[in-house]
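To start, the structure itself, in structure tokens.
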Amino acid sequence: MSETLENLLQENRQFPPPDALAASANVTAAAYDEAAADRLGFWEAQARRLSWATPWESVLDWSNPPFAKWFVGGKLNVAYNCLDRHVEAGRGSKVAIHWEGEPGDTRTITYADLHRSVCQAANALTDLGVTAGDRVAIYLPMIPEAAVAMLACARIGATHSVVFGGFSADALSGRIQDASAKVVITADGGYRRGKPSGLKPIVDEAVAQCPTIQHVLVVRRTGQDVAWGDKDLWWHETVEQASPEHEAQPFDSEHPLFILYTSGTTAKPKGILHTTGGYLTQVSYTHHAVFDLKPDTDVFWCTADIGWVTGHSYIVYGPLSNGATQIMYEGTPDTPHKGRFWEIVEKYRATIVYTAPTLIRTMMKWGEDIPAKFDLSSLRLLGSVGEPINPEAWMWYRKHIGRDTCPIVDTWWQTETGGIMISPLPGVTATKPGSAMTPLPGISADVVDDQGESVPNGGGGYLVLREPWPSMLRTIWGDDQRFVDTYWSRFDGMYFAGDGAKRDADGHLWLLGRVDDVMLVSGHNISTTEVESALVSHPSVAEAAVVGATDPTTGQAIVAFTIPRGHVDSEGDAGEALIAELRNHVAKTLGPIAKPRQIMLVPELPKTRSGKIMRRLLRDVAENRSLGDVTTLQDSTVMDLIASGMKTGK
Ligand code: 6R9
């Protein structure tokens, strides 16, 4: 990229925190000053929110960058911090998880229940020969046993590698082999879209390629028939029969806690390694600060899957370390009806919802009359993660879910960062729709140009992190060189996240998507995010994905795939008229340079399982290439829908 990104979109709306929230917020503006005065001292104070068996000798060892050690010499047990200490403090009868299965079955799990299950699982894994440092693969649906399995690994110092319960046998075996896992924990199946879908057959196929696997532990969820081999053990016959007595041993602050593979669009997936003390410090603190969690009154709901980093940090480790009561839901948002999420909010009186822009835009497409049927008055705070949130989706979320009163925290972070890095603080920040606003206290994010120089307010460029942070990835599993090359070589002494960003006139940050997605049109850099936001700002549009397709005259041309909102007539001439109107709307909003060459009205968009639009596939469609790899696609029928339902306008 020779020039910096251009700043096209203007957004002037701003929303101060509600007075009552600001008055009793967990974290106030003073945190920024404290962290600015003494960054390491600030993180030490946050580490003291946890219970350590042995205190650290020094906060940070950065003598061999980019290989960091945090809270050097300290020892703690993650499961002890998430469970035992709450039970010991007399909070054992507090609900940890309100679990809702897709078919409507429910389980209420207290901290004492969860503690008991995790101790049993820790004993069962130990009996199977799993010891500290071994790797355990977890391939489960969204059932409480997923959290139990993760915490049991943490309790005995085994490193878990959760593989999303919808990945193929190839993806699973690749990940098992990369980490040489000894055990895989799975289920017969799980419920998705109203029917049981099998997991065990996929595991059987994967394990056939994985000589390191000694045991397969199988939770019975659906009761489907499963083939049974000599490595297979039922969870209810092992874990549920094991002793509930287990004393957690402390582990070194830098002991490996988990590996999580990033999907990686082309190359081999990267096994992102997170360790113990720094990771737990940052996810616990950010959960407390960004969601203003009040453990006695809040009901927190992160809608992510546990196979995504968001599920690791903000279903398992952040909320449980803070003693939260939370909701966990197994299934899809439209089963058995499109109001399922809001029905769950109403039923459990959720106070905080943390979800992804893709879901918000899907809800926009379905129409606001659906959430309007439910009592959402318990909600007091809303969060967003996973992609840039378009200003209109942000406004819709605020209005139709948040009753125009809930603050929205748009949280930027990555698998690699482990925890939230850039976000408003809900009791402090006056938010702008579409902006993640400022780095959290103790985080030094910056926007730099090609030369690595900070850009002034009003400028755009690359998002970087200038100083190490506690929950940073420590390496790529088994490949230190790739870790250095991928993240630390583009700019000297800085972590490059791969995202473009701009800094507005007030110094606030706007994420612009992956720099690989930036389009170069007639010599101008244009961000896909900004064109998408311009399209979504039109009342007829629910969702849009924009790609740059090769063009003989302009170098790249803007091609947009657009989903109309539920009520919009997009058939025949009405569709053609809408396309013409949308092209003009973008030109008017962003300037003529950003006018799409082509807009296609489509019923769906291809997404990864964490909800990110797969622009690479759409680029193939736009350039008429045969479709690339679709193994991480949420639903492969989407591409058929696009191909068949597409109306093309020139
Ligand atoms: C947590 C998570 C990381 C990438 C990241 C960026 C995008 C995430 C965002 C966001 C704009 C936000 N991203 N949150 N972009 N605003 N609030 O999503 O991790 O799956 O590793 O993805 O997601 O592009 O680089 P991961």
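No lab work stands behind these numbers, since they all come straight from the coordinates. Remember, it's a predicted structure, so these values are computed and weren't measured experimentally. Reconstructed Cβ throughout: ideal geometry from the backbone, glycine too, with neighbour counts over all protein chains shown.
Remark: the E453-S377 segment gains 22.7 nm on full extension, using 0.36 nm per residue and subtracting the alpha carbon distance. Here r is the Cβ-Cβ distance between A30 and R616 and R0 is 35 Å; the resulting FRET efficiency, rounded to 0.05, is 0.20.
To the nearest 20 Debye, how big is the dipole of segment 139-282 about its Cα centre, given +1 on the beta carbon of each Lys and Arg and -1 on that of each Asp and Glu?
Roughly 560 debye, rounded to the nearest 20.
Based on Cα contacts under 8 Å between residues 6+ apart, the chain shows a relative contact order of 14 percent.
Working from label points 7 Å from Cα in the Cα-to-Cβ sense, the A45 to A20 distance is 2.8 nm. Placing unit charges on the Cβ atoms of the charged side chains and taking the dipole of the chain about its Cα centre, the candidate lying farthest along the positive direction among G174, T238, G442 is T238.
When peptides 89-97, 286-294, 183-191 are ranked by their average number of other Cβ atoms within 10 Å per residue, the highest-first order is 183-191, 286-294, 89-97.
Place +1 on the Cβ of every Lys and Arg and -1 on the Cβ of every Asp and Glu in the chain, take the dipole about the Cα centre, and give the residue among L582, A289, W43 whose Cα lies farthest towards its positive end. Positive-end residue among those listed: L582.
When only C-alpha pairs under 8 Å and at least 6 residues apart count, what is the relative contact order of segment 98-191, in percent?
Numbers: 119 pairs, mean separation 31.9, N = 94.
In percent, rounded to a whole number, it is 34.
Here the spin labels are modelled as points 7 Å beyond Cα on the Cα-Cβ line, and at N12 and D516 they lie 3.8 nm apart.
Rank by packing, highest mean first: peptides 196-209, 473-486, 307-320, with packing defined as the count of other Cβ atoms within 10 Å averaged across residues.
Values: 196-209: 19.4, 473-486: 17.8, 307-320: 27.1.
With the highest mean Cβ count within 10 Å placed first, the list reads 307-320, 196-209, 473-486.
Within the straight-line cut-off of under 19 Å between alpha carbons, the lysines reachable from K612 are K268, K270, K365, sequence neighbours fewer than 8 places apart in one chain being disregarded.
Run the dipole for the chain about the Cα centre, Lys and Arg Cβ at +1, Asp and Glu Cβ at -1, nothing else charged, and hand back the magnitude in debye, nearest 20.
On the way: 58 positive and 78 negative charges, 123 e Å.
In total the dipole reaches around 600 debye.
At R0 = 25 Å, how high is the FRET efficiency between A89 and T54 if r is their beta carbon distance? Nearest 0.05 is fine. List each step's numbers first, then the result.
Details: r = 21 Å, r/R0 = 0.83.
Once rounded, the FRET efficiency stands at 0.75.
To the nearest 0.05, how large is the calculated FRET efficiency for D105 and D230 if R₀ is 30 Å and r is the Cβ-Cβ distance? Here the calculated transfer efficiency is 0.45. Against the chain, whose longest principal axis is taken from its Cα atoms, helix 144-156 shows a tilt of about 60°. Ordering 417-424, 546-553 by mean Cβ neighbour count within 10 Å, with the highest value first, yields 417-424, 546-553.
Here's the picture: charge each Lys and Arg Cβ at +1 and each Asp and Glu Cβ at -1 in segment 123-273, and of L217, Q249, S197 the one pushed furthest to the positive end of that dipole is S197.
Calculated mean residue ellipticity, 222 nm, the chain: -7500 deg cm²/dmol, from DSSP H runs (n ≥ 4) at -39500 (n - 2.57) each, averaged per residue and rounded to 500.
Taking a point 7 Å from the Cα of A574 along the Cα-to-Cβ direction, the residues of segment 537-551 with backbone N closer than 14 Å to it are 540-541. When only the Cβ of Lys, Arg, Asp and Glu is charged (+1, +1, -1, -1), the dipole of segment 238-321 relative to its Cα centre reaches about 480 debye. Here K502 is the anchor, and the lysines within straight C-alpha reach of less than 20 Å, apart from those fewer than 8 places off in the same chain, are K432.
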